[in-house]
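The values are calculated or read from the model by the stated rules, or taken from the named source; none is laboratory data. Just so you know, these numbers come straight off a predicted model, no measurement behind them. Ideal geometry is used to build each Cβ from the backbone, glycine not excepted, and the neighbour counts take in all protein chains shown.
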Amino acid sequence: MSEDLTGRRLGHYKIDGVLGRGGMSVMYRATDVRLGRKVALKVMGEHITGDAEFRERFVDEARNTSAIDHANIVPLYDFGEVDGMLYIAMRLVDGSDLAGLVEGGPIAPSRALELLGQVAEALDMLHEQGLVHLDLKPANVLVTSREAANEHVYLADFGLTRRGATGHRTSSGDFLGSPTYAAPEHLRGESVDGRTDLYALACMLFACLTGRPPFRGQVSEIIQGHLGADPPAATSLAMLPPAIDGVLRTGMAKSPDQRFGTCKELIAAARGALAPAAGRPSPPPVQRSGPVSGPQPVQPTPGPRPVPGAAFPSPPQAPVAPPQAPLPPMPPSGDPVRLRPPSPAGSASFATGRPGGSGSARWIVLGLVGAALVVIVVLFVVMATSI
Ligand SMILES: Nc1ncnc2c1ncn2[C@@H]1O[C@H](COP(=O)(O)OP(=O)(O)O)[C@@H](O)[C@H]1O
Ligand SMILES: [Mg+2]
């Protein structure tokens, strides 16, 4: 979507610049000229203003944002329509989103707990009101240090928020959202509740502590990971206390029944597990011999290079995930993505981005071995008959 209203007027808003772009809307920095106040103005994309379903979705987003009054939820100021374009005006958060913070590598465990602890407060409140956010990801967590002595967090983007039932789907049944942090039941189109957001929060904690999400690669690989694979141990990616692996495993349990009861419980358990790491600037990466793709944990400048297992030796019974084969980077997806609902784990309904994957490679090898055997036998026969 290339539209940019910068420099134009939309009702009593003067558009000052672009803050972010999604598939359905553009978020602008703007000025409410009546009040002389800076705002964040989300304007529905011009290309979908005629789509009744997306208009309804945008109205829902405004309603859901205004329904919740919490210190960690971005406050809504105004909602309206000008020239057929729907808009939502909200508090302009002067800072960055969590995606920007994690981009540079893992963040300090104490900071991750502080930031995600505030997200957990907002989420538990949302869940108590029967709502489920369903689009939790670092880009929807806004962080500012300009409003208080400590960093303050706002949960944003209620575009997919639902009142219980099943996750957001288009009228044609497509999954709508960001698969990188999506829970298995959400991807499958089953019923969702607060534990669906809790799963995503655990994925975000994993990303904050290790500098990468639990599953990455092509969209199909990410989805198959959430549906059926164990996430890698965080301790195999960054130097962290071993107990955090169990906490993350529970938070990311495939079955909602096996997760924590509330988001605050997840953060409390993580706080207990990470206590030995309190005061560390950021978790140092675990040293590897081979190349690893994707964002790499950043080595903190002060202090000696860590020796794996020296600070937080893994318990002998905890298997350390082997170094992962390099995966292709995430496609530059215009989140949220629109996908057909996935079939149960193990099915092949999601074609992978690699035609002729490992299965066909195996057949080629078998064929070559067979051909070599035939040549050897023929040579042997020719030699034997010529003697
Ligand atoms: N209130 C805000 N103040 C400042 N920046 C914001 C605000 N809300 C969102 N943003 C930025 O704009 C981006 C897009 O906004 P978002 O509501 O998430 O839209 P989308 O539905 O397109 O994802 C966010 O990822 C964030 O970086
Ligand atoms: Mg968003």
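Working carefully through the options A71, A52, A40, A67, find the one that is touching a strand residue (DSSP E or B) at 6+ places or on another chain (Cβ under 6 Å) and not polar (S, T, N, Q). Show your work before the answer.
On the way: A71 fails: touching a strand residue (DSSP E or B) at 6+ places or on another chain (Cβ under 6 Å); A52 fails: touching a strand residue (DSSP E or B) at 6+ places or on another chain (Cβ under 6 Å); A67 fails: touching a strand residue (DSSP E or B) at 6+ places or on another chain (Cβ under 6 Å).
Among A71, A52, A40, A67, only A40 is touching a strand residue (DSSP E or B) at 6+ places or on another chain (Cβ under 6 Å) and not polar (S, T, N, Q).
Determine whether region 99-111 contains at least one residue that is assigned to a strand (DSSP E or B) and within 14 Å of ligand 1 (Cβ to nearest atom).
From region 99-111, those assigned to a strand (DSSP E or B) are none; that's our starting set.
No: zero hits.
Just need a number here: residues in region 20-51 that are within 24 Å of the chain's Cα centre (by Cα) and assigned to a strand (DSSP E or B).
11
Pick out the one residue from F79, F54 that is touching a residue at least 12 places away in the same chain (Cβ under 8 Å), of a type outside the set (S, T, N, Q) and assigned to a strand (DSSP E or B).
Among F79, F54, only F79 is touching a residue at least 12 places away in the same chain (Cβ under 8 Å), of a type outside the set (S, T, N, Q) and assigned to a strand (DSSP E or B).
What pairs can you find where one residue is in region 145-165 and at pLDDT below 85 and assigned to a loop (DSSP other than H, G, I, E, B), the other is among the β-branched types (V, I, T) and more than 16 Å from ligand 2 (Cβ to nearest atom), and their Cβ atoms are less than 9 Å apart, with a gap of 6+ or different chains?
Listed by first residue and then by second, the contacts come to G164/V192; A165/V192.
Quick one: is L136 in the same structural domain as M204 (by TED's automatic domain parsing), buried (at least 22 other Cβ atoms within 10 Å of the Cβ) and within 14 Å of ligand 1 (Cβ to nearest atom)?
The answer is yes for L136.
Specify which of the listed residues (G104, G22, G50, G7) is closer than 26 Å to C203 by Cβ and more than 16 Å from ligand 2 (Cβ to nearest atom).
G104
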